[in-house]
Amino acid sequence: MNQQNHSGKSPKPNNDRLLERIERLGKIGGLSGGGVCRLALTDEDRDGRDLVLRWMKDLGLSTSIDKIGNVIGIRPGLEDCAPVMMGSHIDSVATGGLYDGALGVLAGLEAVQTLNDTGITTRHPIAVGYFTNEEGARFPPDMMGSAVHQGSLSLEEALSTEDKEGISVGSELDRIGYSGDAPVNDLVPHSYLELHIEQGPVLEESGITIGAVTGVQGISWMEYLLNGTSNHAGTTPMRLRHDAGFVAAAVTVEARSIANEIGGHQVATVGVTELRPNLVNVISNHARITVDLRNTSEDKLNLAESRMNDFVVHTSENEGVKLEQQILARFTPVKFDDDIISLVESAARDFDLSCQRLPSGAGHDAQMFAPNCPTGMIFVPSQGGISHNVKEFTSPADIAAGMNVMMKVLTEISE
Ligand code: GLV
Ligand code: MN
Ligand code: MN
């Protein structure tokens, strides 16, 4: 029999069941060494989507797939009003771990199953979603599906985005059967919650179990295409070179200097360097590099971007290398809802768990919801601060702690 939950206590999730689902999903696209490769819209991503969609249906959720391939399952509430949504992503980087994204989606399913088991109907409907291409590793920008869902990126732009082989998001969605009919930019949840691994060292270093996430730092991704001239490595005097590889390397070193000089939260990464023809005795005629700059302060991020840009332009000119550049992603820093941050802290207190406020260094689907509805995130520690690595690990006890806190916050918000 359905009953409304007036007790103020949250029902107890089954953490073993959550871990089993994480392990099951982790087998899809599984890599030797324990991680996963489920790059967005590949066959492995499709197989992961199929499994989670089946789980949603088994739990009685009414599911829909929208035009950018986001999958949402809804459990009705006592009132026909906006749902409280939990979500994240199940795509991964090529060297991904089992927890990044998967935890938030599967914790959402565990919350639903816990409500089903205890026969509780919440006042608000509950929604669980997994959003297309959060990682952006194959098709930049990251958070693509949630950005389209919440209206900050146009559907047309997202569908026409191509990977480096020239294959588009739209054609891959068709191919894997996830180009759905549901409209995008149609649902503003009552509120949005995401449980995620920290993916950094802060919680573990301070011996804290729960992170009450205050927001997400700003993200700037640039791609630089550098075109010089190939020539003989032995015969070409240094003064006559137009070496795209040299400019790529100089930019990489400068990115580190900019981060060190700005200091504080500033980070800088050159994650892609592709050289052509990539031969020991040939000067590179082409380089493709990417620069990822992040900061919690928009002013400092702007400063890092303009310093980087000036350096790339001048170094290319001096070397006689032609430069083309493209913005791959740009997100301003986001602040989460004060009430949800406080609810996370008080839920952690209720379970006698240590808790600390911290900003997120990684991008998350939650940041796309934050401008439109009260949004919050709960972090649990990442062993060794390692993520985007097959060795990514969070202990079962920490996962259980995060799940308990999310269940408690969900119970409070959805009543
Ligand atoms: C994406 O999740 C990122 O932070 O790079
Ligand atoms: Mn993630
Ligand atoms: Mn990630």
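The values are calculated or read from the model by the stated rules, or taken from the named source; none is laboratory data. Because the structure is a prediction, the values reported are computed rather than measured. Virtual Cβ from ideal backbone geometry, glycine too; neighbours counted across all protein chains shown.
Write out, first by first residue and then by second, each pair whose Cβ atoms fall under 7 Å of each other, whose residues are 6+ apart or on separate chains, and whose first residue, in region 337-349, is on the phi > 0 side of the Ramachandran plot while the second is β-branched (Val, Ile, Thr). Hits for this filter: zero, empty list.
So, in region 218-261, of the ones that are of a type in the set (Ser, Thr, Tyr) and assigned to a strand (DSSP E or B), which residue ends up surrounded by the fewest Cβ atoms within 10 Å (Cβ to Cβ)?
Just the residues of region 218-261 that are of a type in the set (Ser, Thr, Tyr), to begin with: 220, 224, 229-230, 235-236, 252, 257.
After this cut, where a residue has to be assigned to a strand (DSSP E or B) as well, the list is 220, 224.
Details: Ser220: 21, Tyr224: 24.
Going through the qualifying residues, I end up with Ser220.
For region 390-410, a residue qualifies if it is under 19 Å from the mean Cα position of the chain (by Cα) and not in a helix (DSSP H, G or I), and the qualifying residues are Val390, Lys391, Glu392, Phe393, Thr394.
Go through the residues of region 264-271 one by one and say whether even a single one is in a loop (DSSP other than H, G, I, E, B), more than 22 Å from Gly363 (Cβ to Cβ) and modelled with pLDDT of 95 or more. Steps first, answer last, please.
Residues of region 264-271 in a loop (DSSP other than H, G, I, E, B): 264-266.
Right, trim to more than 22 Å from Gly363 (Cβ to Cβ) and you get none.
Checked region 264-271: no residue is in a loop (DSSP other than H, G, I, E, B), more than 22 Å from Gly363 (Cβ to Cβ) and modelled with pLDDT of 95 or more.
Screening the candidates Gln150, Gln113 for the property of being polar (S, T, N, Q) and farther than 21 Å from Ile68 by Cβ yields one hit, Gln113. The condition of being within 16 Å of ligand 3 (Cβ to nearest atom) and either free of Cβ contacts under 8 Å to residues at least 24 places away in the same chain or surrounded by 22 or more Cβ atoms within 10 Å (Cβ to Cβ) (or both) holds for only one of Leu173, Leu195, Leu203, Leu153, that being Leu195. Against the list (1) in contact with a Phe, Trp or Tyr (Cβ under 7 Å, 6 or more places away or on another chain); (2) among the aliphatic types (A, V, I, L, M); (3) within 16 Å of ligand 1 (Cβ to nearest atom), the condition Leu109 fails is (3). Among the conditions (1) surrounded by fewer than 24 Cβ atoms within 10 Å (Cβ to Cβ); (2) in a loop (DSSP other than H, G, I, E, B); (3) of a type in the set (Val, Ile, Thr), the only one that Thr63 does not satisfy is (2). Figure legend. Inter-residue proximity from region 351-365: first residues over 17 Å from Ser88 (Cα atoms) and in contact (Cβ under 8 Å) with a residue 12 or more places away in the chain, second residues within 16 Å of ligand 1 (Cβ to nearest atom) and in a loop (DSSP other than H, G, I, E, B), beta-carbon distance below 9 Å, spacing 6+ or different chains. Indicated pairs: Leu358/Glu198; Leu358/Gly200; Pro359/Gln217; Pro359/His265; Pro359/Thr296; Pro359/Pro333.
In region 53-70, the condition of being at pLDDT 95 or above, within 16 Å of ligand 2 (Cβ to nearest atom) and in contact with a Leu (Cβ under 8 Å, 6 or more places away or on another chain) is met by no residue. Val112 meets all of the listed conditions (1) surrounded by fewer than 21 Cβ atoms within 10 Å (Cβ to Cβ); (2) away from ligand 3 (no atom under 16 Å from the Cβ); (3) not polar (S, T, N, Q) but one, namely (1).
Summed over region 181-214, residues that are in contact with a helix residue (DSSP H, G or I) (Cβ under 8 Å, 6 or more places away or on another chain) and assigned to a strand (DSSP E or B) total 12. Scanning region 276-299 for residues that are surrounded by fewer than 20 Cβ atoms within 10 Å (Cβ to Cβ) and either within 28 Å of the chain's Cα centre (by Cα) or among the hydroxyl-bearing types (Ser, Thr, Tyr) (or both) yields a count of 6. Residue check: is Leu19 surrounded by fewer than 20 Cβ atoms within 10 Å (Cβ to Cβ), under 24 Å from Thr394 (Cβ atoms), more than 20 Å from the chain's Cα centre (by Cα) and in contact (Cβ under 8 Å) with a residue 12 or more places away in the chain? So Leu19 fits the description; yes.
Looking at region 326-365 only, could you name the residues that are within 16 Å of ligand 2 (Cβ to nearest atom) and in contact with a Phe, Trp or Tyr (Cβ under 6 Å, 6 or more places away or on another chain)? Passing the criteria: Ala329, Asp365.
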